[in-house]
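Input: a single structure, listed below in structure tokens.
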Amino acid sequence: MTDEELMCQIQGGEVSALGGIFDRYQARLVAFLARFTGDAALAEDLAQTTLWRVWENRGQYDPQRPFHTWLFVVAKNVALNHLKGNARRPVVSLSAIPEEDWATPPPGEAFQVRDEVRRALGNLPADQRLCLILREYEGLSYRETAAILECSEGAARILSFRARQALRKMLRSLIESEDCCVSS
């Protein structure tokens, strides 16, 4: 059964279909939310809230559109509302994300490079960080990213460009280091 078919069942009041969506997307939602907020425990809670919001807002889903795009819009809004509700800009320590989400840590200097990249990503403005996470970690197209960010495809491309520029600037010393193999 496709995501869209499951969602149609959910729209029809079939609570058990929500379990299918949960099984398919829980890990991906938690990873996305952990990367965005920098807090793995919070990400678990926000993923649960996202699935609850899917149920509450099931009537707003358009079955003619891809489900995963709509789901990430809901997740993004849940995270932003939570962060706004706490009246703080997210202070992101991406090192709080479980190691299994980032692969096995490489030895020595490569680990230090990865940690610097995480820190720099966490210092990006929220819209730029979301754009990069959706494009690079979730592998979404600019069209899908734009739909989730609720902007034009051109705006998503600009956000991605600006995020990459900002990362290059923050990581300039790593990029220029002759001991480092980070591609710019």
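Brief remarks follow.
- Yes/no for Leu80 being in contact with a His (Cβ under 7 Å, 6 or more places away or on another chain) and touching a residue at least 12 places away in the same chain (Cβ under 8 Å): no
- Only one entry of His82, His68 meets the criterion of being under 15 Å from Glu4 (Cβ atoms), at pLDDT 90 or above and surrounded by 15 or more Cβ atoms within 10 Å (Cβ to Cβ), and that entry is His68.
- Entry remark, the range 19-70: residues being of a type in the set (D, E, K, R), in contact (Cβ under 8 Å) with a residue 12 or more places away in the chain and in a helix (DSSP H, G or I) number 6 in total.
- Residue count for the range 163-178, restricted to those that are of a type in the set (D, E, K, R) and either buried (at least 17 other Cβ atoms within 10 Å of the Cβ) or at pLDDT 80 or above (or both): 4
- Residue satisfying all of: in the range 13-49; farther than 17 Å from Glu138 by Cα and hydroxyl-bearing (Ser, Thr, Tyr); surrounded by the fewest Cβ atoms within 10 Å (Cβ to Cβ) among these: Ser16
- All positions within the range 139-162 that are crowded, with 17+ Cβ neighbours inside 10 Å and charged (D, E, K, R): Glu144
The values are calculated or read from the model by the stated rules, or taken from the named source; none is laboratory data. Remember, it's a predicted structure, so these values are computed and weren't measured experimentally. A quick note on method: Cβ atoms are made from the backbone with ideal geometry, for glycine too, and the neighbour counts reach across all protein chains shown.
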